[in-house]
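K.L.:
Supplied in structure tokens, the structure appears directly below.
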């Protein structure tokens, strides 16, 4: 596990078992997305592409209401 430089969402200190969604930016350039027993590792550039795609989809779904 890398050294966390930024907590994007959640906090391992208060949720050590990652029961809730936690997203961490690590010193090694990776973003770790945790929830329960699943961990997804991405490089920062990949995370930015993923984030943009999720945000675009979310906005489209919001507009349909």
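K.L.:
May I ask you to list the residues in segment 3-25 that are closer than 14 Å to residue 40 by Cβ and over 11 Å from the mean Cα position of the chain (by Cα)?
P.N.:
Answer for segment 3-25, where residues must be closer than 14 Å to residue 40 by Cβ and over 11 Å from the mean Cα position of the chain (by Cα): just 18.
K.L.:
Okay, moving on. Being in a loop (DSSP other than H, G, I, E, B) and loosely packed, with under 14 Cβ neighbours inside 10 Å is the filter here; which residues of segment 3-14 pass it?
P.N.:
Residues satisfying the conditions are 3, 11, 13, 14.
Each value in this text was obtained by applying a stated rule to the coordinates, not by laboratory testing. Just so we're clear, the structure is a prediction, and the values are computed from it rather than from any experiment. We place every Cβ from the backbone using ideal geometry, glycine too, and count neighbours over all the protein chains shown.
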